[in-house]
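Worksheet: one structure, shown below.
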Amino acid sequence: SIALTRNLRNTRRIHALMAKWYHGRRSIPAGPEGEPVGTMICRKGEMALARLNERISQMLNSGQVAPGQIAVLSGTGDALTALGERIAGKPTCRADDVRPDHIVLDTVRRFKGLSRPCIFLIGVEGLTDPELIYVATSRANVLLEIIGTAEDIARLKQEVAAAGS
């Protein structure tokens, strides 16, 4: 087998985060710098889903992205059920049944081996296994946004949460 040592799939900023969780052979980020990994801090699940819908609507309306470039991945099945069939008014599909102009909505586990330009992570309280966190943080090519509590986001980014946040 050929050892791939250069990472061209992700931006350097996404690579810096996923590399914290990768325990195999180190790769060299060779992609563009990219945007910082985005975070939306939300106390409650429903608020997180409302913020997610708002953010994706804004991106679609501005013409920044098309629905087929987006995947919403969850660490828990509950968040998927709560979202239902549509996000930002667009139809969704599962990872094993990708359709044009649909937003992929699935679990992190089922999205393993796939990628999308834009990934939104929800249900991050369910991401506790380091290998699964690596999968979650490495699926985005260009834009990665994490939605959850300050504590869960800090844990995924391996940052110390600010006191009182």
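The values are calculated or read from the model by the stated rules, or taken from the named source; none is laboratory data. Since the structure is predicted, the reported quantities are computational estimates derived from the model, not experimental observations. FYI the Cβ positions are ideal-geometry reconstructions off the backbone, even for glycines, and counts take in every protein chain you see. Heads up: the accessible areas ignore ligands, DNA and RNA and are worked out on the full protein's heavy atoms, side chains in. Shrake-Rupley method; radii C 1.70, N 1.55, O 1.52, S 1.80 Å.
Only bridges whose two residues both fall in the chain count here: according to DSSP, what percent of them are antiparallel, nearest 5? Around 10 percent antiparallel, to the nearest 5. Binning the C-alpha pair distances of region 78-132 at 5 Å intervals from 0 yields a P(r) profile of 4, 16, 30, 28, 15, 6, 1 %, listed from the shortest bin outward.
Across all directions, the shadow cast by the convex hull of the chain built on its C-alpha atoms averages 9.9 square nanometres.
Once the C-beta distance of Ala50 and Thr5 is scaled by a Förster radius of 41 Å, the resulting FRET efficiency is 0.45 to the nearest 0.05. In percent, rounded to a whole number, the relative contact order of region 29-165 is 30, using alpha-carbon pairs under 8 Å and six or more apart.
Here the accessible area of region 67-165 is 50 percent carbon and sulfur, with a 1.4 angstrom probe and all protein chains present. In loop segments of region 15-89 as defined by DSSP, the trypsin sites (Lys or Arg not before Pro) with at most 12 further C-beta atoms inside 10 Å of their C-beta are Arg25, Arg26, Arg43, Lys44. Principal axis extents of the C-alpha atoms in region 111-150 (largest first, rounded to whole Å): 24, 19, 11. As a test, work out the antiparallel percent of DSSP beta bridges whose residues both lie in region 63-144, rounded to the nearest 5. That works out to approximately 10 percent antiparallel.
Normalised per residue, the accessible area of region 17-165 is 50 Å², obtained with a 1.4 Å probe and no contribution from ligands, DNA or RNA. Along the axis of the charge dipole computed for region 89-137 (Cβ charges of +1 for Lys and Arg, -1 for Asp and Glu, origin at the Cα centre), the listed residues Leu121, Pro100, Phe111 are led at the positive end by Pro100.
The trypsin sites (Lys or Arg not before Pro) of region 101-165 include none that meets both conditions, a loop assignment by DSSP and at most 12 other Cβ atoms within 10 Å of the site Cβ. For the pair region 113-152 / region 48-82, the C-alpha centres are spaced 13 Å from each other. Within the chain, what's the longest run with no GluC sites (Glu not before Pro) in a DSSP loop and at most 15 other beta-carbon atoms within 10 Å? Give the range, please. For GluC sites (Glu not before Pro) (loop position, at most 15 other Cβ atoms within 10 Å), the longest site-free span of the chain is 86-158. Basic side chains Lys and Arg get +1 at the Cβ, acidic Asp and Glu get -1 at the Cβ, and with that the dipole of the chain about its Cα centre reaches some 500 debye. In the chain, a dipole from Cβ-located charges (positive for Lys and Arg, negative for Asp and Glu) runs towards its positive end, and of Val142, Pro67, Met47 it is Val142 whose Cα lies farthest in that direction.
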